[in-house]
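Report on the following structure.
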Amino acid sequence: MTRKTIRYTEKVKHVIQYFGLLTVLLVVWQVLSMLGFIQPIIMPPPTQVAVVFWELLKSGVMIRHIGISVLRVLEGFGIAVILGLLLGMAIGLSKTLARMTDLIIQVIKPIPPIAWIPLAILWFGIGEQSKVFIIFLGAFFPVIVNTIDGIRQTDQKLVEVARMLEVSRSRFIFQVVIPGAFPAIMTGLRVGLMVAWMCVVAAELIAASSGVGYLIMDARQLSQSDVVLVGMITIGIIGKLMDSLIYRIEKRAIKWKTAFTGV
Amino acid sequence: MKNDKPRETKLLIENLSKSYLVQSEEVRALQAINLSIADGEFVAIVGSSGCGKSTLLKIIAGLENGYTGTLLLGKERIAGPGLDRGMVFQEHRLLPWLTVENNISFGLKDRHSKASAKTVSEHLDLVGLSGFAQAYPYQLSGGMAQRVSIARALVNQPQLLLLDEPFGSLDALTKIQMQQEVLRIQEVEKTTMILVTHDIDEAIFLGDRVVVMSSRPGTIRKIIPVELARPRDRSSYEFAQIRRAVYQEFFVEAENPFAYQI
Ligand SMILES: Nc1ncnc2c1ncn2[C@@H]1O[C@H](COP(=O)(O)OP(=O)(O)O)[C@@H](O)[C@H]1O
Ligand SMILES: [Mg+2]
């Protein structure tokens with residue numbers, strides 16, 4: 001075999017490994033449905049889900065729901081990033097501020113965003129604001145906590161270099177601390193965006209009339225399990241796309257760091 | 001050696017002692033160090049691992065506090081880090097996210113001026129890396145990275161360059177090349193240099209004097225002048241004699257490879 005065909009077969013092997021398990025699961029699910037082992041009301045077969053998906057896409061309904069949900073997530077996530085980065089950097093750089101805020105962060109962090117829904121409605125009503133607030137809460141903590149961690153992990157050896165060269169405080173922050181914290185910050189952004197997107201269903205529990213979360217809740221009331229599945233899968237796919245996007249950006253931004261990719 | 005005119009003292013260390021607290025017990029790292037280094041001199045300090053070499057350099061650099069004794073740089077007491085001293089560490093310690101060029105200009109006050117650009121390119125030339133201005137540290141070999149680190153330490157024209165086992169992690173051939181390079185740089189820049197090493201040959205090859213340290217607590221055991229013309233021939237008889245003198249400081253009784261030669 002030539003080197004080219006070897007590389008080609010390698011690639012085919014990787015594609016099969018990547019999609020194989022999912023395909024097998026779908027086929028098993030389909031076959032079990034067709035043999036009558038799975039009731040369509042409880043779990044419709046993949047083909048039915050695909051048909052419903054296609055119909056919702058074709059009619060433009062799906063795109064509208066996705067658009068609304070993505071917009072809400074971007075708003076909530078955007079605010080979380082701005083506040084999380086600024087506060088995280090301030091807390092990371094100041095020991096006093098860290099001591100003052102640590103307990104509050106530690107206690108509020110474990111409260112799931114969904115538990116905030118009653119308060120969110122009281123504070124912001126049932127409009128867009130309360131939904132964005134829930135999403136913001138989900139994204140905020142991963143961003144701030146990872147930013148603080150990243151800054152704390154500044155390499156002591158590089159700090160000594162900066163001291164030897166009498167580097168100004170601002171240059172120290174922008175050329176030593178922040179670039180050093182960058183990988184951790186990017187992790188925070190990735191996790192934050194993921195959680196924000198996961199919160200969209202919770203947020204759209206609040207008197208929504210649009211969005212993928214609404215689509216799911218609405219279909220639940222009508223017992224349309226196929227639409228529920230379409231909504232769930234849509235959330236999954238868009239979440240994956242968002243994660244890949246941030247991962248790409250991260251890879252490009254930190255080309256100086258060679259990552260371990262697994263054996 | 002050009003000892004014709006008496007040179008001014010660049011660094012004076014008087015009665016320097018330093019201890020660390022390790023698990024609430026006092027560990028003496030340095031004890032009663034006295035050393036005077038002349039302007040333009042190259043002093044090599046040898047000692048086994050843990051004898052306090054790095055501690056001594058860090059104190060001179062101003063990175064350590066909590067010692068007793070006096071350190072004078074010229075006529076000024078050392079009270080913290082300053083641009084009058086440059087330091088090269090065992091690891092290159094370059095900023096991985098900056099290009100070679102920006103790593104060198106990292107320590108310059110006015111990075112974006114024409115003068116700075118000129119200084120940076122001169123120093124790239126000085127360490128023989130003119131073609132690598134835009135490279136990132138991960139693209140450099142160990143020796144190249146250490147050259148950049150030397151350029152960075154020299155860019156502010158320090159009076160004193162401190163080198164803490166700078167070639168310790170390089171292969172033998174690169175190491176010899178870098179030693180020659182450092183000598184050439186000292187010839188050009190006339191910077192006073194203190195080099196810490198555990199490599200006896202390196203110390204003799206480079207130093208005007210070799211300071212032998214012993215450990216626990218770290219003290220100066222002996223100072224051996226190396227009055228050989230440069231470039232020095234490591235295989236010469238005179239070099240071997242000095243090597244023997246240094247060896248004897250380390251292995252007095254335990255093992256003396258030269259004892260039965262006569
Ligand atoms: N930060 C520190 N805390 C406690 N002990 C230290 C510290 N730094 C160095 N020491 C101790 O001081 C002694 C000298 O260390 P060091 O100067 O690094 O030696 P060398 O560079 O000659 O190998 C060692 O015994 C070491 O354990
Ligand atoms: Mg050391």
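Among the residues of this structure, B:Asp201 does not count as one that is more than 25 Å from B:Ile59 (Cα to Cα), open to solvent by 70 Å² or more (accessible area, probe 1.4 Å) and more than 16 Å from ligand 2 (Cβ to nearest atom). Quick check on region A:65-84. Is at least one of its residues out of contact with any helix residue (DSSP H, G or I) (no Cβ under 8 Å at 6 or more places or on another chain), modelled with pLDDT of 90 or more, assigned to a helix (DSSP H, G or I) and over 30 Å from A:Val230 (Cβ atoms)? Yes, because at least one residue in region A:65-84 is out of contact with any helix residue (DSSP H, G or I) (no Cβ under 8 Å at 6 or more places or on another chain), modelled with pLDDT of 90 or more, assigned to a helix (DSSP H, G or I) and over 30 Å from A:Val230 (Cβ atoms). For region A:225-248, a residue qualifies if it is open to solvent by 60 Å² or more (accessible area, probe 1.4 Å) and either touching a residue at least 24 places away in the same chain (Cβ under 8 Å) or among the aliphatic types (A, V, I, L, M) (or both), and the qualifying residues are A:Met232, A:Ile233, A:Ile237, A:Leu241, A:Leu245, A:Tyr247. Considering the conditions (1) at pLDDT 90 or above; (2) within 16 Å of ligand 2 (Cβ to nearest atom); (3) open to solvent by 60 Å² or more (accessible area, probe 1.4 Å); (4) away from chain A (no Cβ under 14 Å), B:Val27 is excluded by exactly one of them, (1).
You will find that of B:Lys175, B:Lys190, the residue that is surrounded by fewer than 16 Cβ atoms within 10 Å (Cβ to Cβ) and at pLDDT below 95 is B:Lys190 and no other. Give region A:192-208 a look and list any residue that's touching a residue at least 40 places away in the same chain (Cβ under 8 Å), β-branched (Val, Ile, Thr) and closer than 15 Å to A:Gly236 by Cα, or say none. Passing the criteria: A:Val195, A:Val200.
Only one entry in B:Ser169, B:Ser235 is assigned to a loop (DSSP other than H, G, I, E, B), open to solvent by 80 Å² or more (accessible area, probe 1.4 Å) and away from ligand 1 (no atom under 16 Å from the Cβ), namely B:Ser235.
Just the residues that are more than 7 Å from every other protein chain (Cβ to nearest Cβ), open to solvent by less than 30 Å² (accessible area, probe 1.4 Å) and not small (Gly, Ala, Ser), please, taken from region A:155-166.
Step one: list which residues in region A:155-166 are more than 7 Å from every other protein chain (Cβ to nearest Cβ), which gives A:155-156, A:159, A:162.
Cutting the leftovers down to open to solvent by less than 30 Å² (accessible area, probe 1.4 Å) gives us A:159, A:162.
Result: A:Val159, single match.
If you go through region A:170-188 and keep only what is more than 10 Å from chain B (Cβ to nearest Cβ), open to solvent by less than 10 Å² (accessible area, probe 1.4 Å) and free of Cβ contacts under 8 Å to residues at least 24 places away in the same chain, you end up with nothing.
Would you confirm whether any residue within region A:178-190 is within 30 Å of B:Ile59 (Cα to Cα) and touching a helix residue (DSSP H, G or I) at 6+ places or on another chain (Cβ under 6 Å)?
Within region A:178-190, the subset within 30 Å of B:Ile59 (Cα to Cα) is A:178-181.
The next check asks that each one be touching a helix residue (DSSP H, G or I) at 6+ places or on another chain (Cβ under 6 Å); those that pass are A:181.
Checked against the condition, which is being within 30 Å of B:Ile59 (Cα to Cα) and touching a helix residue (DSSP H, G or I) at 6+ places or on another chain (Cβ under 6 Å), region A:178-190 yields at least one hit.
All conditions but one from (1) closer than 27 Å to A:Val191 by Cα; (2) modelled with pLDDT under 95 apply to A:Val107; the one that does not is (2). Entry remark, region B:99-117: residues being in contact with a helix residue (DSSP H, G or I) (Cβ under 7 Å, 6 or more places away or on another chain) and open to solvent by less than 70 Å² (accessible area, probe 1.4 Å) number 10 in total.
For the residues B:Val196, B:Val210, the requirement of being more than 16 Å from ligand 2 (Cβ to nearest atom), more than 14 Å from chain A (Cβ to nearest Cβ) and under 13 Å from the mean Cα position of the chain (by Cα) singles out B:Val210.
Here is a yes/no grid of residues against (1) under 16 Å from the mean Cα position of the chain (by Cα); (2) more than 11 Å from ligand 1 (Cβ to nearest atom); (3) more than 23 Å from B:Thr192 (Cα to Cα):
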position	(1), (2), (3)
B:Arg28	no, no, yes
B:Ile33	no, yes, no
B:Asp39	yes, yes, no
B:Phe42	yes, yes, no
B:Ile45	yes, no, no
B:Gly52	yes, no, no
B:Thr55	yes, no, no
B:Glu64	no, no, no
B:Tyr67	no, yes, yes
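For region B:96-140, residues that are within 10 Å of another protein chain (Cβ to nearest Cβ), modelled with pLDDT of 90 or more and out of contact with any Lys or Arg (no Cβ under 9 Å at 6 or more places or on another chain) total 5. If I filter region A:199-214 for residues that are surrounded by 16 or more Cβ atoms within 10 Å (Cβ to Cβ) and among the hydroxyl-bearing types (Ser, Thr, Tyr), do I get at least one hit? Checked against the condition, which is being surrounded by 16 or more Cβ atoms within 10 Å (Cβ to Cβ) and among the hydroxyl-bearing types (Ser, Thr, Tyr), region A:199-214 yields at least one hit.
Would you say B:Ile220 is in the same structural domain as B:Arg244 (by TED's automatic domain parsing), open to solvent by 40 Å² or more (accessible area, probe 1.4 Å) and either within 16 Å of ligand 1 (Cβ to nearest atom) or assigned to a loop (DSSP other than H, G, I, E, B) (or both)? For B:Ile220, the condition - in the same structural domain as B:Arg244 (by TED's automatic domain parsing), open to solvent by 40 Å² or more (accessible area, probe 1.4 Å) and either within 16 Å of ligand 1 (Cβ to nearest atom) or assigned to a loop (DSSP other than H, G, I, E, B) (or both) - is met. Inspection of region B:143-163 identifies at least one residue that is within 14 Å of chain A (Cβ to nearest Cβ) and within 16 Å of ligand 1 (Cβ to nearest atom).
The residues of region B:46-95 that are in a loop (DSSP other than H, G, I, E, B), more than 16 Å from ligand 2 (Cβ to nearest atom) and either more than 14 Å from every other protein chain (Cβ to nearest Cβ) or open to solvent by less than 40 Å² (accessible area, probe 1.4 Å) (or both), listed by number, are B:Gly62, B:Gly66, B:Gly74, B:Lys75, B:Ile78, B:Gly80, B:Pro81, B:Gly82, B:Leu94, B:Leu95.
The values are calculated or read from the model by the stated rules, or taken from the named source; none is laboratory data. Everything quoted here is computed from the prediction, not taken from an experiment. Note: ideal-geometry Cβ built from the backbone for every residue, glycine included; neighbour counts use all protein chains shown. Only protein heavy atoms, including side chains, enter the accessible area calculation; ligands, DNA and RNA are left aside. Shrake-Rupley method; radii C 1.70, N 1.55, O 1.52, S 1.80 Å.
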